[in-house]
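Structure first, commentary second.
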Amino acid sequence: MDQIHVLIADDHTLFRTGLHALLNLSSDIQVIGEASTGEEAISKAESLQPDVILMDIQMPGVNGIEATRRIVHTSPNIGILVVTMFEDDDSVFSAMRAGARGYILKEAGEEEVLRAIRAVARGEAIFGPAIAGRLMNFFSKSPAATTPVFPELTEREREILGLIAQGETNAEIARRLVLSPHTVRNHISNIFSKLQVADRAEAIIRARDAGLGY
């Protein structure tokens, strides 16, 4: 069997080093590169053309979900396996919509990680036990309502984006939602990152174009 060429994209050096060491023990897997940001992952995916990318979600600049979307768009032959600490529904389904073939948690055991890499390299879809359980619960429920605008955002983030589009300040949003100013700032930072907007003005335009803020 040909070797599986892997690119590791994660902003934590210690995690990349440990994962690299683990994969080096497998004769059928070769790590051909590492990336610490979403932009770097996109660039190295294009230049190295790995078989599989192990993609973290939370990274500086372009996040892992947006990086996945861009990579799959330009190189659909590359399999993306999300390896993250986030197991919430928003993260899981955003990754799937972006084109990820697999989703496992960083707490996964060595054999689970290796099995997932090999499955993704074969073109299969694979999810860790905790994630598979979430998917089963989701699809066993009654049909959901129409997909909300900006599905990559959490419900709270959409609520805050709507208030931003109404022209409310951070302090006004904090008072209305009974949140600390620090929490509001963190939510807004996540909104900007997920929507790939540079500032408040651009976020307002995106929100109003989608019907929020009226």
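The values are calculated or read from the model by the stated rules, or taken from the named source; none is laboratory data. Note that the structure is predicted; figures quoted are calculated from it, not measured. The area values use the complete protein model at the heavy-atom level, side chains included, leaving out ligands, DNA and RNA. Shrake-Rupley method; radii C 1.70, N 1.55, O 1.52, S 1.80 Å.
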Quiz item: For segment 31-126, what D do you get in µm² per second when you plug the Kirkwood radius from alpha-carbon pairs into Stokes-Einstein at 25 °C and 0.890 mPa s?
Solution: 189
Self-check item: Value of [θ]222 nm, deg cm²/dmol, for the chain, DSSP H segments ≥ 4, -39500 (n - 2.57) each, nearest 500
Solution: -15500 deg cm²/dmol
Quiz item: Over the chain, what is the relative contact order in whole percent, taking alpha-carbon pairs under 8 Å and six or more residues apart?
Solution: 14
Quiz prompt | Accessible area expressed per residue, segment 1-127, with surrounding protein chains retained (probe 1.4 Å, Å²) | solution = 45
Self-check item: Under the Karplus curve 6.51 cos²θ - 1.76 cosθ + 1.60, θ = phi - 60°, whole-Hz ³J(HN,Hα) for segment 179-191, x wherever Gly or Pro sits
Solution: 10, 6, x, 4, 5, 4, 4, 5, 4, 5, 4, 5, 4
Self-check item: Stokes-Einstein translational diffusion, segment 2-42 - Kirkwood Rh over all Cα pairs, 1.567 mPa s, 4 °C, in µm²/s
Solution: 124
Quiz item: When the accessible area of segment 93-214 is computed with all protein chains present and a 1.4 Å probe, what percentage of it is carbon and sulfur?
Solution: 53
Practice problem: Could you work out which residue, out of Asp89, Asp199, Asp11, moves most in a Gaussian network model of the chain, that is, has the largest mean-square fluctuation with Cα springs under 10 Å? | Solution: Asp199
Quiz item: Given the options Gly109, Gly128, Gly38, which has the most mean-square fluctuation in a GNM of the chain, springs set between C-alpha atoms less than 10 angstrom apart?
Solution: Gly109
Exercise. On a C-alpha basis, how far is the centre of segment 18-61 from the centre of segment 153-182 in Å? Whole number, if you could?
Key: 36
Exercise. Quote the relative contact order of segment 37-120 in percent (integer), defining contacts as alpha-carbon pairs under 8 Å separated by 6+ residues.
Key: 28
Quiz prompt | the chain: most fluctuating residue of Val52, Val197, Val120 per GNM, C-alpha cutoff 10 Å | solution = Val197
Quiz item: Looking at (1) 53, 39, 33; (2) 58, 38, 30; (3) 41, 39, 34, which value of Cα extents along the principal axes in Å comes from a calculation on the structure shown?
Solution: (2)
Quiz prompt | Long-range amide H partners of Phe127 with built H, under 5 Å | solution = Tyr103
Quiz item: For Glu34, which sequence-distant residues (separation of 5 or more, or a different chain) have an amide H within less than 5 Å of its own amide H, given hydrogens modelled in the peptide plane?
Solution: Ile8
Quiz item: Looking at segment 59-102 from every direction and averaging, what is the projected area of its Cα convex hull in nm²?
Solution: 3.0
